[in-house]
Amino acid sequence: MSGKIPRTSNKMQYESKSDATAGLSSSAEPLTNSGTAGQASSGTLILIEVLRLSILIILYISASLPLRAADSPVPDKSVLEAEAQRIAVMDKAKNAVVAVFDSEGKGGGSGVVISPDGFALTNFHVVRPCGAGMKCGMADGKIYDAVVVGLDPTGDVALIKLFGRDDFPAAELGDSDRAQRGDWVFAMGNPFLLATNLQPTATYGIISGTHRYQPPAGTLLEYTDCLQTDASINPGNSGGPLFDAQGRLIGINGRCSFEKRGRVSVGVGYAISINQIKNFLGDLRSGRIVDHATLGARVADSEGRVTVAEILEPSDAFRRGLRFDDELTAFAGRNIGTPNAFKNILGIFPKAWRVPLSFRREGKQYNILVRLAGLHGREELLKNTSGPVPEELPPDSKPKRGREEKPAPGEPPQPPKMKLPMPGGMKSKSELPDIVKRHFEEKRGFANYYFNRLEQKRLWNAWNGRLNLEKQNGPWLLSGELAGGGAYNLALADDGISLKLPAAEQKWNPGDELGASLLPPGSGGLFPALHLWRRLAVEGFARFGEVYYLGTAPLPGREGLVDVLVGSHKGVDCRFYFDPAAGRLLALEMFPDNESDPCEIYFSQFREIGGRDLPGKLEIRFGDEPFGALTVNDFRIEQKAVGEKGGAGP
């Protein structure tokens with residue numbers, strides 16, 4: 001121990017000088033220095049401790065004092081401006097967000113209003129369990145009654161209508177095709193039903209990927225050409241909006257990948273693109289249960305080429321010339337590089353649309369226009385829709401444990417079961433409110449036939465207002481020139497048609513089956529088509545036969561979408577295409593059966609004839625070729641005696 005100072009406790013260092021000296025002397029061998037030196041060493045230790053404590057006290061006091069403004073870090077002005085803009089955009093966007101509840105509090109989801117009159121988008125799997133009516137909460141703190149309008153089970157989209165205002169805050173529809181990987185986006189909704197005050201939750205992130213494909217559950221809930229985001233999407237967010245940085249609606253959230261032991265997002269969520277929904281919006285407003293499209297062919301990868309592996313002979317694509325092993329190069333204006341890319345594009349279109357298709361055979365390029373068939377048969381679609389609703393989770397992401405099982409030791413607690421909060425004292429009611437009852441009409445094949453009748457009425461009022469031909473039962477007499485030269489006289493009546501040409505006269509009688517006599521030859525049935533044109537104008541939609549509003553679709557040679565009405569009479573179907581702005585009938589297609597090309601009539605050069613807004617030209621097409629054209633110089637209605645049946649002559 002010679003020459004070493006024994007360790008002392010802190011307590012010892014705070015004792016008196018004599019005690020400290022005594023302690024050191026008794027525990028060590030005699031020092032070589034004098035006793036005065038030992039006392040100096042002890043005093044040095046005490047001084048060091050005092051200094052150390054003083055420094056600690058000064059640091060503590062300094063940390064407790066507020067920093068001067070000059071010492072605070074000042075964020076860059078652009079950062080503050082970006083933050084303020086983001087907050088303002090979200091504050092505005094939240095007003096259109098909807099919390100969707102069923103009437104009994106057994107579920108919950110989200111939605112977004114897209115028009116001031118209360119139409120809102122959400123998911124099919126959110127609305128389906130609710131039935132005809134639901135309760136919708138908004139950021140204004142109010143609960144609104146709502147009714148189902150249209151359903152898209154395959155695409156997992158639903159259209160509903162809120163009541164109570166005619167000035168609902170509505171989201172601006174964006175362009176999802178402009179979204180790029182890395183774009184800032186934010187999701188809003190009601191995850192886990194946390195928004196008991198109806199203020200939506202916002203989560204922020206980026207677009208992680210575009211043109212993603214998520215397979216269906218059977219044939220429902222297929223997510224094609226969708227957007228992937230890392231903005232957190234959890235149960236309850238389903239049906240809610242995905243906004244771009246400017247607050248424009250670019251998608252409807254619906255699917256996400258979850259941590260395997262709990263339904264909590266892992267940062268991989270999917271939103272149905274708003275551009276796909278735009279294609280279906282007219283069909284959804286029809287009140288129907290709408291279907292997606294199929295080409296009638298299966299494609300496969302063949303050494304880096306996308307080729308036709310199988311094709312159905314009754315399909316329109318086959319009639320247009322597509323064959324086995326043809327290479328698909330473009331579809332609906334987008335290049336095709338993989339079979340998955342083809343499925344992505346096909347999935348964004350409704351049944352009955354006509355879209356361009358390009359293919360290559362033996363080095364030669366072909367460009368055709370194909371009519372898309374339905375993915376489901378009518379009964380198949382209704383059966384699938386009325387069955388259990390598949391979960392929004394992909395099959396490989398479902399929780400492995402039963403819902404009631406407790407988490408294993410060390411695992412995070414499970415998210416709470418979703419249970420509807422009843423803001424503002426709202427009570428659950430199984431009985432539909434009166435306003436929902438007044439706006440709901442049940443009919444097989446429709447989500448809500450009330451809205452189909454509404455669209456039919458809109459079309460009829462606009463068209464008949466221009467024609468004023470309802471109940472004008474006398475024969476129509478048209479005359480003018482043929483496209484190839486020469487004059488014609490055409491008589492259309494209840495019991496038949498007469499067409500006088502320079503070299504001949506043709507007559508036709510409707511009979512019990514309009515598709516049995518498709519005269520004139522090579523036209524695909526011009527006379528039955530003209531007969532149905534007149535019948536629709538004279539009898540009106542209500543007396544024509546079976547009629548329903550299909551929705552909207554493109555029309556060759558015209559920009560944008562037009563209204564489509566479907567009518568059936570005496571064994572044939574006919575599609576009538578109307579200008580949504582002017583109310584004019586632009587075209588009709590008469591289908592004698594499901595496996596034949598229709599006779600197409602295009603109406604143009606409208607002008608006033610006899611006080612009525614009538615077409616000055618009729619162009620007739622069948623298959624891929626024009627059949628002929630008629631210029632209308634004169635239009636008259638032959639008057640007949642009361643009780644006399646209109647006829648086209650012997």
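The values are calculated or read from the model by the stated rules, or taken from the named source; none is laboratory data. Small disclaimer: the values here were computed from a predicted structure and weren't measured. Cβ placement follows ideal geometry from the backbone for every residue including glycine, while neighbour counts extend to all protein chains displayed. Quick note on the areas: whole protein, heavy atoms, side chains included, nothing else; ligands and nucleic acids left out. Shrake-Rupley method; radii C 1.70, N 1.55, O 1.52, S 1.80 Å.
Residues in the stretch 622-633 that are assigned to a strand (DSSP E or B) and either among the small types (Gly, Ala, Ser) or not assigned by TED's automatic domain parsing to the domain that holds Tyr488 (or both): Gly628, Ala629. Kindly indicate whether Asp145 is in contact with a Pro (Cβ under 9 Å, 6 or more places away or on another chain), under 21 Å from Arg288 (Cα atoms) and touching a residue at least 40 places away in the same chain (Cβ under 8 Å). Here the answer is yes, as Asp145 does meet what is asked.
Here is a list: Ile348, Ile311. Which entry is without any contact (Cβ under 8 Å) to a residue 60 or more places away in the chain and touching a helix residue (DSSP H, G or I) at 6+ places or on another chain (Cβ under 7 Å)?
Working: Ile348 fails: without any contact (Cβ under 8 Å) to a residue 60 or more places away in the chain.
None of the others qualify; the one that does is Ile311.
When Thr196, Thr203, Thr154 are checked against the criterion of being over 17 Å from the mean Cα position of the chain (by Cα), under 23 Å from Asp102 (Cβ atoms) and in contact (Cβ under 8 Å) with a residue 24 or more places away in the chain, a single residue qualifies: Thr196.
For the stretch 269-311, enumerate the residues that are among the acidic types (Asp, Glu) and in a loop (DSSP other than H, G, I, E, B). Steps first, answer last, please.
Applying the first criterion (among the acidic types (Asp, Glu)) to the stretch 269-311 yields 283, 291, 301, 303, 310.
Within the stretch 269-311, Asp291, Glu303 qualify.
All conditions in (1) in contact (Cβ under 8 Å) with a residue 40 or more places away in the chain; (2) open to solvent by 40 Å² or more (accessible area, probe 1.4 Å); (3) among the β-branched types (Val, Ile, Thr) hold for Ile160, with the sole exception of (2). In the stretch 536-565, the residue that is nearest to Ser604 (Cα to Cα) out of those that are open to solvent by less than 10 Å² (accessible area, probe 1.4 Å) and not in a helix (DSSP H, G or I) is Val562.
Filter the stretch 312-335 down to the residues that are within 23 Å of the chain's Cα centre (by Cα) and not in a strand (DSSP E or B), then identify the one that is surrounded by the fewest Cβ atoms within 10 Å (Cβ to Cβ). Break it down into steps so the answer makes sense when it comes.
To start, the set of residues in the stretch 312-335 that are within 23 Å of the chain's Cα centre (by Cα) comprises 331-335.
If we keep only those that are not in a strand (DSSP E or B) as well, we get 332-333.
Details: Ala332: 15, Gly333: 9.
Ranking the qualifying residues of the stretch 312-335, first place goes to Gly333.
Only a single criterion out of (1) open to solvent by less than 30 Å² (accessible area, probe 1.4 Å); (2) touching a helix residue (DSSP H, G or I) at 6+ places or on another chain (Cβ under 8 Å); (3) not hydroxyl-bearing (Ser, Thr, Tyr) is not satisfied by Asp301, namely (1). Could you check, for the stretch 570-582, whether at least one of its residues is among the basic types (Lys, Arg), open to solvent by 10 Å² or more (accessible area, probe 1.4 Å) and touching a strand residue (DSSP E or B) at 6+ places or on another chain (Cβ under 7 Å)? Yes, the conditions are met somewhere in the stretch 570-582. Could you list all residues from the stretch 155-188 that are assigned to a strand (DSSP E or B) and not small (Gly, Ala, Ser)? Once the filter is applied, which keeps residues that are assigned to a strand (DSSP E or B) and not small (Gly, Ala, Ser), the stretch 155-188 yields Val157, Leu159, Ile160, Lys161, Leu162, Leu173, Trp184, Val185, Phe186, Met188.
A Cβ distance below 9 Å, combined with a sequence gap of six or more or placement on separate chains, defines the contacts here; from the stretch 357-370, residues that are among the charged types (D, E, K, R) reach residues that are outside any strand (DSSP E or B) and open to solvent by 60 Å² or more (accessible area, probe 1.4 Å) in the pairs Arg361/Arg323; Arg361/Asp325.
In this structure, is Gly611 touching a Ser or Thr at 6+ places or on another chain (Cβ under 7 Å), of a type outside the set (Asp, Glu) and more than 24 Å from Trp353 (Cβ to Cβ)? It would help to see each step written out before you state the result.
Working: touching a Ser or Thr at 6+ places or on another chain (Cβ under 7 Å): no; of a type outside the set (Asp, Glu): yes; more than 24 Å from Trp353 (Cβ to Cβ): yes.
When the stated conditions are applied, Gly611 does not pass them.
Filtered by the rule that a residue be in contact with a Ser or Thr (Cβ under 6 Å, 6 or more places away or on another chain), small (Gly, Ala, Ser) and within 25 Å of Ser286 (Cβ to Cβ), the stretch 330-387 gives Gly347, Ala373.
Is it the case that the stretch 439-446 has a residue that's acidic (Asp, Glu), surrounded by fewer than 15 Cβ atoms within 10 Å (Cβ to Cβ), not assigned by TED's automatic domain parsing to the domain that holds Trp533 and not in a strand (DSSP E or B)? The answer is yes, given that some residue of the stretch 439-446 is acidic (Asp, Glu), surrounded by fewer than 15 Cβ atoms within 10 Å (Cβ to Cβ), not assigned by TED's automatic domain parsing to the domain that holds Trp533 and not in a strand (DSSP E or B).
Just to be sure before I move on: is Gly254 in contact with a Ser or Thr (Cβ under 9 Å, 6 or more places away or on another chain), part of a loop (DSSP other than H, G, I, E, B) and crowded, with 19+ Cβ neighbours inside 10 Å in the structure I sent? First the steps, then the outcome.
Details: in contact with a Ser or Thr (Cβ under 9 Å, 6 or more places away or on another chain): yes; part of a loop (DSSP other than H, G, I, E, B): no; crowded, with 19+ Cβ neighbours inside 10 Å: yes.
For Gly254, the condition - in contact with a Ser or Thr (Cβ under 9 Å, 6 or more places away or on another chain), part of a loop (DSSP other than H, G, I, E, B) and crowded, with 19+ Cβ neighbours inside 10 Å - is not met.
Candidates in the stretch 341-368 are the residues that are open to solvent by 70 Å² or more (accessible area, probe 1.4 Å) and of a type in the set (S, T, N, Q); of these, the one that is farthest from the chain's Cα centre (by Cα) is Gln365. Flag: Asn468 does not match the condition of being assigned by TED's automatic domain parsing to the domain that holds Gly545 and within 30 Å of Gly133 (Cβ to Cβ).
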